[in-house]
Every structure is written in structure tokens, then in C-alpha cells.
Amino acid sequence: MTIDTAPGKIILFGEHAVVYGQPAIAAPLSHVRAYAVVKNNPNPGIRLIAPDLGSDILLSDADTDDAIAAVVTQLQKAANIQELPDLTITVSSQIPIASGLGSGAAIAAAVIRALAVHLGLGYLLTDEWVSDQTYEIEKIHHGTPSGIDNTVVAYERPVYFVRHQPRNHIEPFAVAKPLRLLVADTGIRSSTKDVVGDVRRQWELDSSTFNTIFESCGRIANTARQALEAGDVAQIGQLMTENHALLQKMSVSEPKLDRLVEVALAAGALGAKLSGAGRGGNMIALVTDDVETAVSTALLSANAKNILTTTILPTKNFPPQGG
Ligand code: MEV
């Protein structure tokens with residue numbers, strides 16, 4: 001039996017603009033994870049089980065867009081495996097789906113890692129390889145993903161990312177001071193593919209306005225990178241709030257996200273913004289110890305459905321990954 005895992009993620013700076021070549025910064029949510037368990041199947045076939053979704057099917061019966069089936073097929077292709085053995089693959093996840101926290105990418109990365117190890121292909125498992133395979137799956141579900149989500153869940157480190165041909169520019173980096181973040185769920189589910197598609201339609205109609213917004217997001221991400229590496233927590237917060245204003249201009253925020261950002265700031269958060277594709281999903285608020293309880297209480301009174309807390313630490317603070 002082989003078990004492996006991958007984390008959720010938050011986008012700290014630059015979502016959407018990153019699709020258009022601007023820099024962005026993301027960080028793993030290491031305590032909220034997806035898991036994959038691979039076993040030999042005593043019966044013929046490859047059984048794909050997702051207990052959270054009440055799903056238990058054979059690969060041979062799966063739709064072509066089935067999330068787990070697509071991962072198995074991708075790995076088979078990438079590793080050039082003629083015939084797979086009989087297997088049972090069980091997937092579970094603590095990451096809420098369709099909420100901007102990278103659940104699809106984490107599930108794909110966990111299955112890729114567990115399956116590769118189980119098949120004796122662990123030597124393939126560099127973070128870069130896992131990220132590349134996960135990207136192929138993201139393309140099926142999200143249309144034109146930038147590649148930042150698969151990168152951060154595979155590297156499991158804060159990353160500065162620029163979409164680039166033929167290879168993306170990926171710089172894992174360490175923050176200088178711990179960053180305490182509250183991740184508050186609006187309870188509204190949204191499809192990354194739809195929101196990214198809608199931004200594209202708006203960009204096609206008014207590319208000059210949108211390019212200006214995207215460039216401002218890129219400038220914020222670059223300044224934020226310096227602030228993160230210098231440990232200037234106040235500036236990081238301010239830049240988050242500025243980034244949220246630009247996301248509002250792209251029309252990817254919505255009233256509940258705006259309300260949660262407002263109450264977090266009023267309760268003393270250093271900065272707040274939506275995180276991920278928007279139109280629902282989660283917002284993040286940067287807090288200090290002094291204001292954490294007040295901000296959390298304010299978010300709950302404004303009807304946040306769930307609040308996760310996470311600390312981005314100056315060093316890598318997570319268990320080693322399989323491989
Ligand atoms: C989603 O986590 C981030 C977006 O920028 C889409 C992408 O980068 O592929 C909205």
C-alpha cells in the first residue's frame with residue numbers, strides 16, 4: 001500500500017494577472033491536504049474510490065473528464081507504461097472544493113505521487129515533474145491555467161511565479177518573518193474555469209484597461225516579494241488590500257468577499273483580499289497576535305462559513321514528501 005499527499009494553497013498576490021504573464025505569489029496551506037492511497041486490487045481492473053463524493057467506479061467505466069481517471073491516464077502516458085496492474089486508488093481531501101484553495105491540483109498531485117511510488121517510479125518524482133503532470137490535469141479542468149496552482153502544491157513552498165514559454169519562471173523563496181493569515185470561506189462555490197473565462201472576455205473587449213490593471217497587479221507582486229523577504233509585515237498587508245481593489249476592478253470580487261475584507265480591516269487586520277479565482281471561495285486576512293481573535297470574531301459575525309488559520313513560516317515547516 002502506498003499513501004501520499006499534497007497541500008492546499010492560497011494566492012497571496014497576483015491571481016488572474018498571472019494568466020497574462022504578470023508575476024504572482026502563492027503559498028501552501030500545509031495543514032489542509034489531499035491524500036491518495038494506492039493498493040493492489042485482488043480483482044481485475046483499476047478501481048477509483050472517492051468516499052467524500054460517494055464515488056466508486058472502475059477506470060474502464062470512467063468518463064474522460066473524471067478527475068482521478070484523468071490523473072491515472074496522464075501518469076500512464078508520461079511514464080510510458082503499456083499496461084497498468086490491477087489497483088485500488090482511494091482519494092480523500094480536507095480541502096473544500098471550488099473555493100480557491102487548490103483542491104483539484106492537490107488531489108492530482110497526491111495521486112501522481114502515490115501511484116508513481118506504488119509502480120516503482122518514485123525516481124521520477126521531482127517537484128518539477130509532479131507539477132508538470134498536475135498542470136496537464138489542470139488544463140482539462142480549468143482551460144487556460146497559468147500553472148501557479150500546480151507549482152505551489154507540488155513544491156509546497158511559497159513561490160514567486162511568472163508564466164513563461166517554454167518554461168515558467170519559478171522561484172521558491174522563504175519569508176523573513178512568520179505571516180499569520182486567516183482564511184475565511186464565503187460559503188459560495190465558484191468555478192475557476194468560468195471566472196478565468198469571464199476575465200478573458202472582458203480583456204478581449206477592453207484590453208487596454210485590463211492590461212493596465214494586470215500590470216498594476218504585477219508591480220504589487222514584485223513589491224510584495226521584496227516586503228516578504230524583508231519581513232515588512234505592515235507593507236505586505238497594505239499591498240494585499242491594494243491587490244483586492246484591483247481584483248474588484250476586474251469584477252472577480254462579489255459582495256460577500258468585499259464585506260469580509262471590509263470587516264477584517266475594520267477589526268484591525270493589516271491587509272485583506274480575496275484569494276484564488278474569486279466570485280466566491282475564500283478571502284485571506286493578515287493578522288498579528290493582538291488582533292487575531294477580533295478579526296476572526298468579526299469575520300464570523302459577517303457570516304464567514306469557516307475560518308482556517310495558517311502561518312507561513314520563514315523555513316520549510318512540513319513533513320518530507322513521498323518519492
Ligand atoms: C487560481 O488559483 C488562480 C488564477 O489566477 C487562475 C490561474 O492562475 O490559473 C485565477
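The values are calculated or read from the model by the stated rules, or taken from the named source; none is laboratory data. Not measured: the values here are computed from a predicted model. All Cβ positions, glycine included, derive from the backbone under ideal geometry; neighbour counts span all protein chains shown. The area values use the complete protein model at the heavy-atom level, side chains included, leaving out ligands, DNA and RNA. Shrake-Rupley method; radii C 1.70, N 1.55, O 1.52, S 1.80 Å.
List pairs: first in the stretch 215-243 and crowded, with 18+ Cβ neighbours inside 10 Å, second part of a helix (DSSP H, G or I) and of a type in the set (D, E, K, R), Cβ under 8 Å, 6+ apart or cross-chain?
Close Cβ pairs satisfying both conditions: 220/242.
In the set 231, 268, which member is closer than 17 Å to residue 312 by Cβ, away from the ligand (no atom under 16 Å from the Cβ) and either assigned by TED's automatic domain parsing to the domain that holds residue 289 or more than 21 Å from the chain's Cα centre (by Cα) (or both)?
231 is the lone residue from the list that is closer than 17 Å to residue 312 by Cβ, away from the ligand (no atom under 16 Å from the Cβ) and either assigned by TED's automatic domain parsing to the domain that holds residue 289 or more than 21 Å from the chain's Cα centre (by Cα) (or both).
Any idea how many residues of the stretch 6-24 are over 15 Å from the mean Cα position of the chain (by Cα) and under 19 Å from residue 128 (Cα atoms)?
Number satisfying all stated conditions: 1.
Restricting the stretch 139-189 to residues that are open to solvent by 20 Å² or more (accessible area, probe 1.4 Å) and of a type in the set (S, T, N, Q), which is farthest from residue 95 (Cα to Cα)?
Applying the filter and picking the extreme gives 165.
Is it true that some residue in the stretch 176-196 is more than 19 Å from the chain's Cα centre (by Cα) and under 28 Å from residue 98 (Cβ atoms)?
The answer is no; no qualifying residue exists.
Looking at 65, 86, 61, which is the one that is open to solvent by 50 Å² or more (accessible area, probe 1.4 Å), within 18 Å of residue 138 (Cα to Cα), of a type in the set (D, E, K, R) and not assigned by TED's automatic domain parsing to the domain that holds residue 248?
On inspection, the qualifying residue turns out to be 65.
Specify which of the listed residues (99, 30) is open to solvent by less than 10 Å² (accessible area, probe 1.4 Å) and modelled with pLDDT under 95.
Matching residue, one of 99, 30: 99.
For the stretch 244-264: of the residues being open to solvent by 60 Å² or more (accessible area, probe 1.4 Å) and out of contact with any helix residue (DSSP H, G or I) (no Cβ under 6 Å at 6 or more places or on another chain), which is farthest from residue 184 (Cα to Cα)?
Selected residue: 248.
Among the residues of the stretch 172-230, count how many are among the charged types (D, E, K, R), part of a helix (DSSP H, G or I) and farther than 17 Å from residue 242 by Cβ.
Number satisfying all stated conditions: 7.
Just checking, how many residues over the stretch 114-143 are within 10 Å of the ligand (Cβ to nearest atom) and at positive phi?
1
Among the residues of the stretch 144-163, count how many are under 21 Å from residue 226 (Cα atoms), within 13 Å of the ligand (Cβ to nearest atom) and not hydrophobic (A, V, I, L, M, F, W, C).
2
Taking the stretch 288-304, which residues are under 24 Å from the mean Cα position of the chain (by Cα) and of a type in the set (A, V, I, L, M)?
Once the filter is applied, which keeps residues that are under 24 Å from the mean Cα position of the chain (by Cα) and of a type in the set (A, V, I, L, M), the stretch 288-304 yields 295, 299, 300, 304.
Restricting attention to the stretch 59-103, report how many residues are part of a loop (DSSP other than H, G, I, E, B) and more than 27 Å from residue 183 (Cβ to Cβ).
The total comes to 13.
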